Amino acid sequence: MIRLLRSHTGEISFLLDGTRTLLRDTLLNAYQFSTYRSLFHLCGVDEHTLRADAIRALRRLNPSFKKDYVSLQKDSLERIQTRPFTTDWTSGSTAKPMLRLSSPEDEEAEAEAVRRAFQSSGITRDDRVAFLDVGASDIYLFYGRVLSAMGNPGPYFVKVTRRQNVSARLIARLRPTVVISVPSVLSRCLADLALEKNRAPAWDLRKIIYIGEAMHSRLKAQIRRELSAACLSFYGTTEVGSVGIECERSGEIHIPLDLMFPTLLPHEGRTVRTLGPKSYEGVVAWTSLRFRDHPLIKFCVGDLVRISLRTCPCGSPFPALRFERRLDHSFGLFGIKFTYDLFLDRIHEAVGGAPHLEIHVSHGTSQSQNAGPSRIRFILEKRYRHYVKRCTEEILATHPIEDFVERGLLQISFQFVPATYFHRRKTRRIVLVRSQSSSPIA
């Protein structure tokens, strides 16, 4: 049975019955880190409180954020410096990359989460798994070790170069049944993969699993249509670890509450939103129940999610998570919130397909009469430069952008760059520009 723990600040934690002792041990272990000890003391929680009532202590504890992750890094290094450990760079949820330190015990905990995710997605020892990327192989080597421990003969790693057609031909010769990659790379090589797949009708490509960033619904539908394969999200972060792979029956991700559990924080309101019976929306913070040498307690990764306790057709007893958006993939203009996907949809209507898009936003320097306007610059590949009029019309049709422009509060512009501009592992989405010294490029 799953318990909902509500705090006086409007948070909701989802705790599995039978894990109370594990929660107590997790919080007591975290108390040994000076960073967490300070956070506990700020909330009036001491070691006696933790031992007497871990649930009460959890309710009182404030969330931790990326600023706390810096000091936690030092605590972790002091703890494991005399033993073997591995390091990995964080990515999205800390914005600026930071080191995650992993002891063998923490790596085993993460391996268990990955193993469960692979098993839940139906990957077996008979699958041929291929990892596609532009060169970053560390995470895939880890996945490969987990697959080997599951009895899989071992995956392939294919570096996707700027000559995507050559990479696609190599992938087709390997005939993987499962492909794991990031959306930016999949988008880049989709056309060539689809061409090779059509040339090899015996190629039984069953699943595309994407990691590292969210995928736009249009690209997801395009992958399913052109590759005739299920396209599933593998949700997690470098800091928290792997949470799970999207369930094919529900389209949601089951949270292994005996390995980690979520706390929903209020977003733009005083309480977590209740969307219906057994369904809630908020900003998720994660507590890792099995990490000991780099633990995370109510760590906010900046993702807006929905969590449902409804029974899933697949039979999983765990709650289901649906990722909505990362909060730093949105920005405010004059009190109104705009999301990256909103503008991507508009650009799609103008040019067709699923184009790479980067948005640069710079705000006016003050509210005074002499302040310069805010600016939004849309960066697209050069092949779309003839669509600038259509793109402008679509952007202005986004309420109330046209009104802001007519009143002189906002300027919009377009910059067209070589396709190689987007040849990174992950596509940047929104860049907040601090200076307005440079003029817009049209």
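Dipole of the chain computed with +1 at Lys/Arg Cβ and -1 at Asp/Glu Cβ about the Cα centre; of A194, L77, T398, farthest Cα towards the positive end is A194. The GNM of the chain, with springs linking C-alpha atoms under 10 angstrom apart, assigns the highest mean-square fluctuation among H399, H41, H360 to H399.
Which Cα, out of L61, T339, L4, lies furthest along the positive dipole direction of the chain (beta carbon charges, K/R +1, D/E -1)? My answer, from the dipole projection, is T339.
Across every pair of non-identical alpha carbons in the chain, the mean reciprocal distance, once inverted, gives a Kirkwood radius of 23.7 Å.
Taking other residues whose beta carbon is less than 13 angstrom from the beta carbon of D53, and scoring Lys, Arg as +1 and Asp, Glu as -1, yields +4. Taking chymotrypsin sites (Phe, Trp or Tyr not before Pro) as exposed when DSSP calls them loop and at most 16 other C-beta atoms lie within 10 angstrom, the chain has its longest site-free stretch at 66-333.
Picking from V272, V129, L99, whose Cα lies most toward the positive end of the charge dipole for the chain (charges on Cβ: Lys, Arg +1; Asp, Glu -1)? Value computed over the given set: V129. Rounded to whole numbers, the Karplus 3J(HN,Hα) couplings from phi for the stretch 161-168 are 8, 5, 8, 4, 5, 5, 4, 5 Hz, using 6.51 cos²θ - 1.76 cosθ + 1.60 with θ = phi - 60°, and x at Gly and Pro. When DSSP beta bridges are restricted to pairs lying wholly in the chain, around 65% turn out antiparallel.
Computed extension length for L174-R125: 16.0 nm, one decimal, from 0.36 nm per residue of separation with the Cα-Cα distance subtracted. Exposure proxy shown here: for M1, M98, the number of other Cβ atoms within 10 Å sets the order, fewest to most, as M1, M98.
Across the stretch 103-109, computed HN-Hα scalar couplings (Karplus, 6.51 cos²θ - 1.76 cosθ + 1.60, θ = phi - 60°) run 7, x, 5, 5, 5, 5, 5 Hz from first to last residue, x flagging Gly and Pro. Counting only DSSP H runs of at least 4 residues, each contributing -39500 (n - 2.57), and dividing by the residue count of the chain, the helix-based mean residue ellipticity at 222 nm comes to -10000 deg cm²/dmol. The phi-based Karplus calculation (6.51 cos²θ - 1.76 cosθ + 1.60; θ = phi - 60°) puts the 3J(HN,Hα) values of the stretch 18-33 at x, 10, 4, 5, 5, 5, 4, 5, 5, 5, 5, 5, 5, 4, 6, 8 Hz, whole numbers, x for Gly and Pro.
Between R20 and D46, the simple spin-label model (points 7 angstrom out along Cα→Cβ) gives 2.4 nm.
Under a 10 Å cutoff between Cα atoms, tell me which one of V178, V45, V166 has the largest fluctuation in the Gaussian network model of the chain. With Cα springs under 10 Å in the chain, the top fluctuation among V178, V45, V166 is at V166. Cβ crowding within 10 Å ranks I347, I139, I2 as I2, I139, I347, fewest other Cβ atoms first. When the chain is treated as a Gaussian network with alpha carbon springs shorter than 10 Å, the biggest mean-square fluctuation among A111, A30, A149 belongs to A149. Taking a sphere under 15 Å around the Cβ of G276 and counting the other residues whose Cβ falls inside, with K and R at +1 and D and E at -1, yields a net charge of +3.
Only the coordinates and a few stated rules stand behind these numbers; no lab work does. Bear in mind that the values here come from a model prediction, so they are computed numbers and not experimental data. All Cβ positions, glycine included, derive from the backbone under ideal geometry; neighbour counts span all protein chains shown.
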